[in-house]
1. Report, in whole Å, the centroid distance computed from the Cα atoms of the stretch 64-83 and the stretch 215-286.
2. What is the spin-label model distance, in nm, from residue 245 to residue 295 if the labels are put 7 Å beyond Cα along the C-beta direction?
3. Which whole-number value in Å² is the accessible area per residue of the chain, probe 1.4 Å?
4. Once both labels are modelled 7 Å past Cα along the beta-carbon direction, what's the residue 13-residue 421 spacing in nm?
5. Quick one: what are the phi-derived ³J(HN,Hα) couplings along the stretch 393-402, Karplus 6.51/-1.76/1.60 with θ = phi - 60°, whole Hz, x for glycine and proline?
6. Under 5 Å between amide hydrogens, which residues at least 5 positions from residue 297 or on another chain qualify, with H placed 1.01 Å from N in the peptide plane?
7. Under the classification rounded if a/c is under 1.5, otherwise prolate if a/b is larger than b/c and oblate if not, where does the stretch 139-261 fall, given a ≥ b ≥ c as square roots of the Cα gyration tensor eigenvalues?
8. How large is ³J(HN,Hα) for each residue in the stretch 308-319, as worked out from phi by the Karplus curve 6.51 cos²θ - 1.76 cosθ + 1.60 (θ = phi - 60°), to whole Hz, x for Gly and Pro?
Amino acid sequence: MNADEFAQLTLEDAVAGVRQGAFGPIELVEASIDRMDRFEPVINAVITRDDSAARRDAAGKKDAAADQSLFGVPLAVKDNIMTRGLRSTCGSRILENFVPPYDATVVSKIRAAGAVVHGKTNMDEFAMGATGENSAYGATKNPWNPARVTGGSSSGSAAIVAYGGALAALASDTGGSIRQPASFCGLVGMKPTYGRVSRYGLGSLASSLDQIGPLTRTVRDNALLMDIISGHDPMDSTSAKQADVADACMAGIDDGVKGLRFGYDPSLLDKEGVSPVVAGALRRAVDIMRENGAEIREVTIPLIDYGVAAYYIICSCEASANMARYDGVRYGKRQGDGDVWQVYGETRGKGFGDEVKRRIMMGSYALSAGYYDAYYLKAARVRRLFTKEMTALFSDIDAIIMPVAPTPPREIGAETSVLENYLGDIFTLPANLTSLPALSFPVGVLGGLPVGAQAMAAPFRENILYRLARVAEQNSRLPDAPWTKPEPEAAK
C-alpha cells in the first residue's frame, strides 16, 4: 500500500483490509508517516509526532480481538486531549514541555479498540479561536487551498484528515471548534450531547461547554468512532449516566429520512454577513431532505441574536477560572526567578498568547465584584431560557438544519476585528449553550472550497443526525481536496 492509497481508505475499509490480510498495521502507519512527511511542511497540522512509538505500537499488533473495531488504524488526537508519554501542549508555549502521565478516557478507548495514536494536532491556543491562526506553533493551512484558514480551534485535526495523514481524528468543540473546521475542510464533525463523551483528560477551556467528538471523511466512520468513545465515565463528574443507554450512533444510519420532520429557519440566511455561498448550501441541504421524503417545517430559532453575547461572557468567565492553574508553580513552563508575583507575571505574560490574555481579562472583569450580576448572571439567565426554548422545538420536529459558519474560509492573515471573529460562531454556539448534539456535514464545493451545513437534535439523538447526514452524503459526494494530489515535489 502506498501513501496515496492509504489516504483514500475509510476507517471501515482499513479495519476490513487488516482483518482480511490485504495489509497490516505497519503498512498503515508507514503510509501515514509518508503522507505527513509530504504535506506537513506546508499544512502544519501536527505539533508533536513520535513515528518510532507509532511503529512499535503497530508492530506489536498481531491478532485483532473481536471488539477491536479500529485495529491497526492510525488516528490523530487534538493537542488538548491528554496522551500518556506524548507531549500535549494545548497549542500554547506555557505547556510546551508538558508530557502527561495518563491517557484521556477517549484515548484509552480508542487504544483499547486497537487504534494507533499517531500525531498530536495543531490548534488555537487552549481552543480559543475560530481560524487556526492563534496557535503558538503557527497557523494550520487548509488542504483545499493553503492560502485559506482551516477553521478552529480544531484546525490540525481537520487538516490532517483532509490531506490523508490520518483516517480520523479526535477533537473538542466548545462553540463550534469541530463543526466549523469540518465545514471548511469538507469533513464530517460531531459535537455530541454534553455528557455523552467523557471529558476526563481534556485540557478545559470552558467546562460547561466543552465536548470531545470525532472528525472523519465519511458519516459512517464518524458514527463508528462516536460509538467507541461514548459512555458514562466515573472519572468525569459531568458525564451523563444516560450515555450508557442512549441509542447507538450507527443505529438505523442507512434507513434514510422518509417520515422524519426537520425544522428550517430561513430568516437565518437574511442576517448581515451571511454569504450567498452559505445560504445556497443550506437551501441545498433542505432540498435534499425534502426530495428524500422528509417533512420540512419552517421554525424560528429563539434568542439566537443574544447567543454570541451570552456565550462569550460565560466562556470567558469559565476560561479565566480554568487558566488560573497555569502559573508556573502548579502547571506551566516557569518564567522568572523573583518573588511569587514576579514569577506569576512573567510566566503568564510570556506563556499566553493575545487571545488567551483577552479572554482571561474579559472573564475576570465579568466575575468581579459589582459586575457579576450585570454580566455573568444575566448571561446565565439567557442561557437557561435559550435552552428551554430550543429543547421545546424538538417536541414537534426531529432535527433543525442550520448553517455552520456565515462565510466560507477567509485568507490566512486577513485583517478582521475581534467582533467579526466572534460573530463567526453565531450558528454553532447554540448547541454548546444548550448542551444539544450537532453534526456538521459536507453539502458541496463552491469556488474550489467545500461548504457544509449542520443539524441539531434533542439530547442523545445523535443517531437521527447521522441518518440525515448520510442522506446528504449520498446525494452530494465531494471530490478529494485537489491540492492533496500533486506530485510530491509540488507539495514541498
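The values are calculated or read from the model by the stated rules, or taken from the named source; none is laboratory data. Nothing here was measured: the structure is a model prediction, and the numbers come from that model. Positions of Cβ are generated from backbone atoms using ideal geometry, with glycine treated the same way; all protein chains shown enter the neighbour counts. Accessible surface areas use protein heavy atoms only, side chains included; no ligands, DNA or RNA. Shrake-Rupley method; radii C 1.70, N 1.55, O 1.52, S 1.80 Å.
1. Cα centres, the stretch 64-83 to the stretch 215-286: 22 Å.
2. Inter-label distance under the simple model: 2.9 nm.
3. 37 Å²
4. The modelled label-to-label distance comes out at 3.8 nm.
5. Those phi angles translate into 4, 7, 6, 10, 9, 8, 6, 10, 9, 9 Hz.
6. Placed amide hydrogens put 262, 263, 264 under 5 Å from residue 297.
7. oblate
8. Listing the rounded values in order: 4, 4, 4, 4, 6, 5, 5, 4, 5, 4, 5, 5 Hz.
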